[in-house]
Amino acid sequence: MNILVLCKRQYSARDLLSDQYGRLYEIPEGFARLGHRVHGLASSYRPRPHLERHVSPAGVVWRSANAMPWGPFHARRAVAGVIADCQPDILWASSDALHAIWAVEIGRTLHIPVVIDLYDNYEHFGLSRLPGISRRYRDACRSASGLTIVSHSLARHVQQHYPASGPCAIVGNGVNSAVFHARDRSDCRRALGLPAGATIIGCAGAIQADRGIEDLFEAFQLLAEADPALHLAFAGPRDGTPSRYRHPRIIDLGILDWREVPLLVNALDVAVICNRDSSFGRYCFPLKLSEALACGVPVVAAGVGDVNEILGAPSQRYRPGDAHDLAQKLQQQLSAPANGQAASTAARDWKALAGDTADLLAMCLQRRPR
C-alpha cells in the first residue's frame with residue numbers, strides 16, 4: 001500500500017520529528033517495516049521552519065508545515081506536494097478533530113479510503129469547542145472508511161454516538177520494550193540521585209490537576225507522618241499543583257528525557273497512575289500503566305476507563321478523587337504487591353500494533369467500491 005499519514009507535529013509534550021516519539025511516529029515506522037510505502041505530513045501548531053523532507057530510519061518520508069493560523073487546512077500546499085510524491089492508495093489521519101475533518105475532505109477529492117485514528121477523545125480537546133467543529137468531526141468519523149481507536153471504553157462511546165460506516169479496530173498505545181523493561185532498582189536510583197534505602201512511590205507523566213495528580217500528593221501526606229522512610233518522586237510537565245505541597249521527602253525530578261523515564265519507573269516501590277473520571281479520563285489509553293507493568297513494578301491506578309479491564313485486583317485500583325482510598329491501596333501494594341497477569345495483556349509493542357493497523361487499512365482498501 002501507498003499510505004499517506006496526516007497528523008500534528010507536537011503532542012504529549014513532545015515533538016514528533018525532533019523526538020521521534022510515540023504513536024504517530026512508531027505506527028508509520030511499523031507500516032514501512034512491513035513493506036508499505038509511507039509519506040507523512042506533520043502540521044505544526046507552533047511556528048517551525050518548514051521541513052521539506054525528513055526520512056526516518058524505516059524509510060518514512062516526512063514533511064512538516066506550519067498549521068497556523070487556520071489549523072491544518074493552512075498546509076494545503078504542502079499536502080499537495082506530498083500527494084504528488086506519494087500517490088496514496090489510502091489515508092491514515094490522527095491527532096484531533098481538525099485533522100479528521102481535513103482528511104475526509106482530501107479523501108473525497110482523491111477518491112481514496114480514509115481511516116481516522118482516535119488516540120484520545122478529541123471532543124475533549126479545546127479545538128472541538130469551536131463552533132461547528134464537534135458536529136463536523138462526528139460526521140467525519142461516520143463517513144470514514146474505518147476507525148482505529150485507542151481504548152475499549154472510547155470504542156464503546158464512538159459506537160454509541162457516531163459509528164463509522166466501515167470496520168473499526170482497537171489499537172492501543174505501544175510500549176517500547178527496548179527501554180521499558182525490568183532494571184535493577186538500586187542502579188536506577190543511583191542514576192537519578194534518589195535515596196537508596198528509602199521506600200519510594202511516585203509517577204512520571206502529566207503532573208496536573210486535570211489528571212487528578214493531587215490524589216497522589218494528598219495520599220503521600222496521609223502516609224508520610226507514620227512512615228519516615230516514605231518518599232514521593234515525580235517527573236513531567238506540570239501546572240501549579242506541586243507547588244501547593246511542601247514536604248522534605250517530596251522529590252521533583254523536573255522533566256526527564258523520555259529515555260530516562262524508565263529509570264524513574266524502575267526506581268519506584270509502587271508506581272501511581274492518577275486520573276479523573278472525566279471525558280478525558282474515561283476514554284484515554286493508560287499508557288503509563290502499561291509502561292509500569294512492562295517494568296514489573298507494582299502499581300496503583302485510578303479505576304477509570306480501561307484501567308478497570310486491565311487490572312483485576314481491587315488492591316491495584318483506587319476511586320478517582322479519593323486520596324484516602326489511594327493511601328489504603330498504596331499500603332496494600334507496599335506490603336503485598338499484586339501485579340497478576342496484567343503485564344502480558346496490557347504491554348504490547350509498536351510492531352504488533354502497526355500490524356493491526358495495517359490489517360485494518362488493507363481491509364478498508366479492499367472494501368472500496370470499484
One residue is enough: does segment 172-190 have a residue meeting the conditions at pLDDT below 95, more than 22 Å from residue 350 (Cβ to Cβ) and over 23 Å from the mean Cα position of the chain (by Cα)? no
Across segment 1-36, what is the number of residues that are touching a residue at least 24 places away in the same chain (Cβ under 8 Å), open to solvent by 30 Å² or more (accessible area, probe 1.4 Å) and out of contact with any Phe, Trp or Tyr (no Cβ under 9 Å at 6 or more places or on another chain)? 6
Go through segment 14-43 and count every residue that is of a type in the set (Phe, Trp, Tyr) and assigned to a helix (DSSP H, G or I). 2
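Is it the case, given these coordinates, that residue 156 is within 26 Å of residue 295 (Cβ to Cβ), of a type in the set (Lys, Arg) and not in a strand (DSSP E or B)?
Working: within 26 Å of residue 295 (Cβ to Cβ): no; of a type in the set (Lys, Arg): yes; not in a strand (DSSP E or B): yes.
Answer is no for this residue.
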Looking for something more than 29 Å from residue 363 (Cβ to Cβ) and in contact with a Leu (Cβ under 9 Å, 6 or more places away or on another chain) - is there at least one such residue anywhere in segment 94-106? no
Just checking, does segment 136-156 include any residue being farther than 23 Å from residue 361 by Cβ, open to solvent by less than 60 Å² (accessible area, probe 1.4 Å) and not charged (D, E, K, R)? yes
When segment 17-56 is examined, which residues are found to be among the acidic types (Asp, Glu) and closer than 18 Å to residue 95 by Cα? 19, 26, 29
Specify the residue that is least open to solvent (accessible area, probe 1.4 Å); the eligible residues are those in segment 232-266 that are hydroxyl-bearing (Ser, Thr, Tyr) and in contact (Cβ under 8 Å) with a residue 12 or more places away in the chain. 241
Just a yes or no: is a residue in segment 122-130 touching a Phe, Trp or Tyr at 6+ places or on another chain (Cβ under 6 Å), over 21 Å from residue 16 (Cα atoms) and open to solvent by 20 Å² or more (accessible area, probe 1.4 Å)? yes
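Tell me the residue from 55, 61, 114 that is over 23 Å from residue 284 (Cα atoms), touching a residue at least 12 places away in the same chain (Cβ under 8 Å) and either among the hydrophobic types (A, V, I, L, M, F, W, C) or open to solvent by 10 Å² or more (accessible area, probe 1.4 Å) (or both), please.
Details: 55 fails: touching a residue at least 12 places away in the same chain (Cβ under 8 Å); 114 fails: over 23 Å from residue 284 (Cα atoms).
Step by step, each of 55, 61, 114 is checked, and only 61 is over 23 Å from residue 284 (Cα atoms), touching a residue at least 12 places away in the same chain (Cβ under 8 Å) and either among the hydrophobic types (A, V, I, L, M, F, W, C) or open to solvent by 10 Å² or more (accessible area, probe 1.4 Å) (or both).
May I ask you to verify whether residue 321 is in contact (Cβ under 8 Å) with a residue 12 or more places away in the chain and open to solvent by less than 30 Å² (accessible area, probe 1.4 Å)? Write out each step before concluding.
On the way: in contact (Cβ under 8 Å) with a residue 12 or more places away in the chain: yes; open to solvent by less than 30 Å² (accessible area, probe 1.4 Å): no.
No; evaluated as a whole, the condition is false for this residue.
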What number goes with the only condition from (1) over 20 Å from residue 329 (Cα atoms); (2) open to solvent by less than 20 Å² (accessible area, probe 1.4 Å) that residue 304 does not pass? (1)
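The values are calculated or read from the model by the stated rules, or taken from the named source; none is laboratory data. The shown structure was predicted, so the numbers you read here are calculated from the model rather than taken from an experiment. We place every Cβ from the backbone using ideal geometry, glycine too, and count neighbours over all the protein chains shown. With ligands, DNA and RNA removed, areas are computed over all heavy atoms of the protein, side chains included. Shrake-Rupley method; radii C 1.70, N 1.55, O 1.52, S 1.80 Å.
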